[in-house]
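Have a look at the structure below before the remarks.
The values are calculated or read from the model by the stated rules, or taken from the named source; none is laboratory data. Predicted model, so just to flag it, every value in this text is computed and none were measured. Here the Cβ is made from the backbone with ideal geometry for all residues, glycine too, and neighbour counts use every protein chain on show. Ligands, DNA and RNA are excluded from the accessible area calculation, which covers all protein heavy atoms including side chains. Shrake-Rupley method; radii C 1.70, N 1.55, O 1.52, S 1.80 Å.
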2 protein chains.
Amino acid sequence: MERTDGEETVVAENGTTSKDGSICGFDSLHRLLQASLTPQLFQEVSRILLGLNCGKEVEPIALPQPVKALSSEHDFDLQAFSFSADRESLRGPRIVRVGLIQNSVALLTTAPFLDQRRAIFQKLTPMIDAAGSSGVNVLCLQEAWTMPFAFCTREKKWCEFAEPIDGESTQFLQEFARKYNMVIVSPILERDVNHGETLWNTAVIIGNHGNIIGKHRKNHIPRVGDFNESTYYMEGNTGHPVFETAYGKIAVNICYGRHHPLNWLAFGLNGAEIVFNPSATVGELSEPMWPIEARNAAIANSYFVGSINRVGTEVFPNPFTSGDGNPQHADFGHFYGSSHFSAPDASCTPSLSRHKDGLLISDMDLNLCRQLKDKWGFRMTARYEVYADLLTRYVKQDFEPQVISDPLLHKNA
Amino acid sequence: MERTDGEETVVAENGTTSKDGSICGFDSLHRLLQASLTPQLFQEVSRILLGLNCGKEVEPIALPQPVKALSSEHDFDLQAFSFSADRESLRGPRIVRVGLIQNSVALLTTAPFLDQRRAIFQKLTPMIDAAGSSGVNVLCLQEAWTMPFAFCTREKKWCEFAEPIDGESTQFLQEFARKYNMVIVSPILERDVNHGETLWNTAVIIGNHGNIIGKHRKNHIPRVGDFNESTYYMEGNTGHPVFETAYGKIAVNICYGRHHPLNWLAFGLNGAEIVFNPSATVGELSEPMWPIEARNAAIANSYFVGSINRVGTEVFPNPFTSGDGNPQHADFGHFYGSSHFSAPDASCTPSLSRHKDGLLISDMDLNLCRQLKDKWGFRMTARYEVYADLLTRYVKQDFEPQVISDPLLHKNA
């Protein structure tokens, strides 16, 4: 794991070598391959890696000049694409413009908490304005966006960042929702005042009129690496709600839930057309899984997925150990960004930068979800009754796995 | 879809252009990137694409010279790798050598069926010998390996290739199993004589003493593109058996079952350590899904996956339509090979050729499965009782999805 311990990591473009001689990582796989391969080869590689072929292009979208100016002025990556879908005879297209924001923290984690919160509101303002001014209909922020991802420390003081679902961060976003007629998904650390100040990892769904439509609490909690999240909150008790908004049926699979195919499945069974996966995850631990799991979920469940990961390295005041025998240190490692969209037809957009803040926008015709269900028939052929029965038996103490042993197993070879 | 209609497709190495001026496809993504990128960049790209990093290398294995000679003489791709795992203090390593064979048909589909079957036995003999001589412990062949993948035709005459599980192909393989002390997984079209000559798509599990350990019948049947397989057989009735062999617990997820996360899950719940996915699938339809689904299954279920796809284009005597409005034609398109192994730590081997017959071998320490369960805790955090309940409700006619509608949904914007 990359350890910077307070020093800024030197990041070079296109995978060139940093000052200390190590490879410090390219900005995005897509850009790297595009720069390194001939156009013909890049097209072939894209066909497999991004699922782009035969007219199924993910086309870049032109954004208004003021939005580009915001991106330059505030130095965030800005990319926009459009997924294709067939025209239907009996339904008009249902094109929705969706946005994802990834960002690093705004201040050092040693700054007063009130300053940290103010600074992150201030930092996000031009990015949310850029989304709104681009006509984004549904915007999702990253996991626990109001705070540093402090769970590695196991220190309880970070609980102070928790807020009720109608707290300050929600109020901050409600104004943007009203101004831009935009649905906003806001993943925060929630304080459940009506249930004894319990904490949850929660996504608040703010409607395009600024109203709170509802909330979803993270279903699956990691106990891996520095992700000591079960120290702070428990498994969610809100099921797998799908929120019917002005722009389609959306759901939120928070962070570690992306490793659980059943969690993805449940949002699909409840009718989701877009599932967001706001995350916070670091390089060595999960980066090879990142391009796999969201795309698999989009394919298997015939919906769109928007994946978000924060960026940068967050250094904490007190060093901590990681349960791996290595010396104490003060950071989690590098959050590698790489936010992207996946579509049910196995295509996906290029990812945002691995190092920079960014806003990713994509147009998607939600009709594509049903088109893929009709084409591949995954729902029709799923035999859910077989699995309902299996899981019902599995959760019982006396479950016996279906194992057929070779009767000659202990015969000498 | 690539249509060759009887003509041999011209295949160029490294994605260069074929005689007719189109890009006809590179041989393997791994080889293409290795040839096109600097070693440093290739290492970084491999870290993400193949999950290789920080000592988690997939190392090439040296094979005996006579095996290499077989590969040259009979012109099949031969690759061998080793996955790494940690050494444990209380268990010795459980290293198993596993093989996958991909191949094109041996004769034209117009040849007499008896000749076709003899020819495929003859073609596979040096490849199975190469596996056995390499010390492979468990070998899996491709789906319906005894016959052309004729289901596109919807003609019933191809049913003649079906055999009982102790039929000629099993007898053919039992000799190799005994000779090489090797478990062999043999996916065939099965004729169930004791149940009214019913056909199934079945994997026969042959033990290392040549005994038949059992069978598994394909659980999920496609109705997509030219894959008119429900014309020939029905959904399997054998559940999700795991076969306890001399070399570990194995299972078989046949072809289209790879699109169903629940199918993968069920083999995992029953204790599989290696799940084979013998397949037959063509370029435009599924190639972007191919690198995604098997790796996701390996990650999510903490087991190894061996993915096999046949190669080449099979041209049938009578033209057929594909239900897509296009003119009749006589082939399925190109089976793109690309067989590979995926590991529970998100690493995977390079793939075999997209065009040539091949034998892929990999050493894997089955201890890695439990190591990943302990590290990531996916089983522990899975909350199966939630999903047992959801699926039990879902399969009922009166299931109501969990939808929270914005009460302002129909207010004017």
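Annotations
Listed here are the residues, each with its yes/no results for (1) at pLDDT 95 or above; (2) touching a Lys or Arg at 6+ places or on another chain (Cβ under 7 Å); (3) among the β-branched types (Val, Ile, Thr).
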{"residue": "A:201", "(1), (2), (3)": "yes, yes, no"}
{"residue": "A:208", "(1), (2), (3)": "yes, no, no"}
{"residue": "A:213", "(1), (2), (3)": "yes, no, yes"}
{"residue": "A:216", "(1), (2), (3)": "yes, no, no"}
{"residue": "A:224", "(1), (2), (3)": "no, yes, yes"}
{"residue": "A:235", "(1), (2), (3)": "yes, yes, no"}
{"residue": "A:239", "(1), (2), (3)": "yes, no, no"}
{"residue": "A:244", "(1), (2), (3)": "yes, no, no"}
{"residue": "A:250", "(1), (2), (3)": "yes, no, yes"}
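- Yes/no for residue A:176 being facing another protein chain (nearest Cβ under 9 Å), among the hydrophobic types (A, V, I, L, M, F, W, C) and not in a loop (DSSP other than H, G, I, E, B): no
- Qualifying residue in segment B:362-373 (condition: open to solvent by 10 Å² or more (accessible area, probe 1.4 Å), free of Cβ contacts under 8 Å to residues at least 12 places away in the same chain and within 13 Å of chain A (Cβ to nearest Cβ)): no
- Of the criteria (1) of a type outside the set (A, V, I, L, M); (2) part of a loop (DSSP other than H, G, I, E, B); (3) open to solvent by 10 Å² or more (accessible area, probe 1.4 Å), which one residue B:233 fails: (3)
- Some residue of segment B:304-321 being free of Cβ contacts under 8 Å to residues at least 60 places away in the same chain, more than 26 Å from residue A:288 (Cβ to Cβ) and among the small types (Gly, Ala, Ser): no
- Residues of segment A:386-413 that turn out to be more than 7 Å from chain B (Cβ to nearest Cβ) and either open to solvent by 50 Å² or more (accessible area, probe 1.4 Å) or in contact (Cβ under 8 Å) with a residue 60 or more places away in the chain (or both), as a count: 9
- Some residue of segment B:349-359 being part of a strand (DSSP E or B), surrounded by fewer than 22 Cβ atoms within 10 Å (Cβ to Cβ) and aliphatic (A, V, I, L, M): no
- Looking across segment A:268-284 at every residue that is facing another protein chain (nearest Cβ under 9 Å) and in a helix (DSSP H, G or I), the one that is modelled with the lowest pLDDT is identified as A:284.
- Any hit, segment B:376-385, residues being assigned to a loop (DSSP other than H, G, I, E, B) and away from chain A (no Cβ under 13 Å): no
- Near pairs, Cβ below 7 angstrom, 6+ apart or cross-chain, from segment B:38-49 (more than 7 Å from chain A (Cβ to nearest Cβ)) to any residue that is of a type in the set (S, T, N, Q) and in a helix (DSSP H, G or I): B:42/B:34
- Residue match in segment A:194-214 (condition: part of a helix (DSSP H, G or I), surrounded by fewer than 21 Cβ atoms within 10 Å (Cβ to Cβ), more than 13 Å from every other protein chain (Cβ to nearest Cβ) and out of contact with any strand residue (DSSP E or B) (no Cβ under 8 Å at 6 or more places or on another chain)): yes
- Any hit, segment A:241-262, residues being within 25 Å of residue B:345 (Cα to Cα), more than 8 Å from every other protein chain (Cβ to nearest Cβ) and in a loop (DSSP other than H, G, I, E, B): yes
- Considering segment A:69-90, the residues that are open to solvent by 60 Å² or more (accessible area, probe 1.4 Å) and over 20 Å from residue A:139 (Cβ atoms) include one that is nearest to the chain's Cα centre (by Cα), namely A:72.
- Test for residue A:69: is it at pLDDT below 90, part of a helix (DSSP H, G or I) and more than 27 Å from residue A:299 (Cβ to Cβ): no
- Filter result for residue A:110 (open to solvent by 20 Å² or more (accessible area, probe 1.4 Å), β-branched (Val, Ile, Thr) and outside any loop (DSSP other than H, G, I, E, B)): no
- Considering the conditions (1) open to solvent by less than 30 Å² (accessible area, probe 1.4 Å); (2) within 30 Å of residue A:323 (Cα to Cα), residue A:185 is excluded by exactly one of them, (2).
- Among the residues making up segment B:13-54, a single one is at pLDDT 80 or above and of a type in the set (Lys, Arg): B:31.
- Any hit, segment B:121-130, residues being touching a residue at least 40 places away in the same chain (Cβ under 8 Å) and assigned to a loop (DSSP other than H, G, I, E, B): no
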